[in-house]
Structure formats: C-alpha cells, structure tokens
Amino acid sequence: MPKPPRVHERWAHLRFSVIGHLLAAPPDKGELRAEIEALATRTWLHPSTGEPVRFGFSTIERWYYRALKERSDPVGVLRRKLRADAGQQIAVSEAVRQAVLAQYAAHKSWSIQLHHDNLVALAETQPELKPVPSYATLRRFMLANGLGKRRRLTSRRTDGAERAEARLVDREIRRY
C-alpha cells in the first residue's frame, strides 16, 4: 500500500493545482494579470486541515514564475524550501561549543541550568565566550547533541569507574 504524501508534498500539489492551468494553457498576452487576480479571489482547501484558504496575488504570481522557469519538475520546485542554516545554532559559537563540551565531559551529572550558570561565570574570565547564549538555546544545543543530565555511574571513584567514564567521554567528544 503506498504511503500518503507528506505535508510538504501536499502543499506542493496544492500550489501546482492553483497555477497548473496557467502553465497548461497560457493566457493570451496581457491576460495573465486578470487570470491571477481571479485565482486570488478563489477559495482553496488547506492541505492539512481541509479549511478554506485564500492566496494573495503576489503569492500566486511567485508560484507561477517559479514553476514556469523549472522545466523538469514544476511540482518539485513548489515544495517547501529548507533554510540554508537549518539544523545549525548560530547563537552557539565554536568557543562556547568547546567550553560546553569540556564542561559536560567533566560534569555529566550537572543540570543544564548549572551548566549555563557556570558558562556565564566562565565568560566573565574568558571574553571569547561572549555573548553567552540564553538558557533555552543552550538547552536545545545540549539536548540535540545528547548532552543531558546523567546519573553518576558509581559514587566510588575507583580506577575502573574512572577509566569507564573516560571511555564514554572520549566516545562522546569524538562525535564532534
């Protein structure tokens, strides 16, 4: 059984259905504006909710010219475009990233709030860490990278426990 199309696919198909007839039967010279204005007055069904939705003239015009320029996949060009910086946290500089990783390697059992507080204190002595990201940004960064609070492996600091913890730290640091 085929999978139902994803939300972005449904949106691309809706956009194409709005402008498709303009591509299939291009209007006569000077008629495009009137055709797009007519489309802007129509109501369409939202691809996720099924609620009625309208699109503005400039939006439909943008879709039309984008699909018109694309020769091989006019529907694909109407999909959602991912941001170039998707998945990156520009508020977390490389210096902050390294400081947090070192701090986490030494203190896995600290809460994220404690890591943030210590990062703020460290930034007072190391200006390259400024500006310090907000707590929410640091929390997102840490959780996205698997740096959540961990229970101590053992309360006894034996040689074996320290070697095991060092192996885990090395493995986590090598991921970066």
Qualifying residue in the stretch 50-67 (condition: more than 25 Å from the chain's Cα centre (by Cα), in a helix (DSSP H, G or I), at pLDDT 90 or above and surrounded by fewer than 13 Cβ atoms within 10 Å (Cβ to Cβ)): yes
Near pairs, Cβ below 7 angstrom, 6+ apart or cross-chain, from the stretch 88-105 (in the same structural domain as Leu122 (by TED's automatic domain parsing) and of a type outside the set (Ser, Thr, Tyr)) to any residue that is modelled with pLDDT under 90 and in a loop (DSSP other than H, G, I, E, B): Leu101/Tyr176
Flag for Val100 being part of a loop (DSSP other than H, G, I, E, B) and either touching a Cys at 6+ places or on another chain (Cβ under 8 Å) or among the β-branched types (Val, Ile, Thr) (or both): no
Qualifying positions in the stretch 80-98 - among the basic types (Lys, Arg) and at pLDDT below 90: Arg80, Lys81, Arg83
Complete set of residues in the stretch 93-119 that are crowded, with 18+ Cβ neighbours inside 10 Å and over 28 Å from Arg157 (Cα atoms): Val96
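Looking at the stretch 9-18, is at least one residue in a loop (DSSP other than H, G, I, E, B) and either surrounded by 12 or more Cβ atoms within 10 Å (Cβ to Cβ) or modelled with pLDDT of 95 or more (or both)?
In the first step, residues of the stretch 9-18 are kept if they are in a loop (DSSP other than H, G, I, E, B); the result is none.
Within the stretch 9-18, none of the residues are in a loop (DSSP other than H, G, I, E, B) and either surrounded by 12 or more Cβ atoms within 10 Å (Cβ to Cβ) or modelled with pLDDT of 95 or more (or both).
The values are calculated or read from the model by the stated rules, or taken from the named source; none is laboratory data. Source: prediction; values computed, not measured. Every residue, glycine as well, gets a Cβ built from its backbone with ideal geometry; the counts of neighbours run over all protein chains shown.
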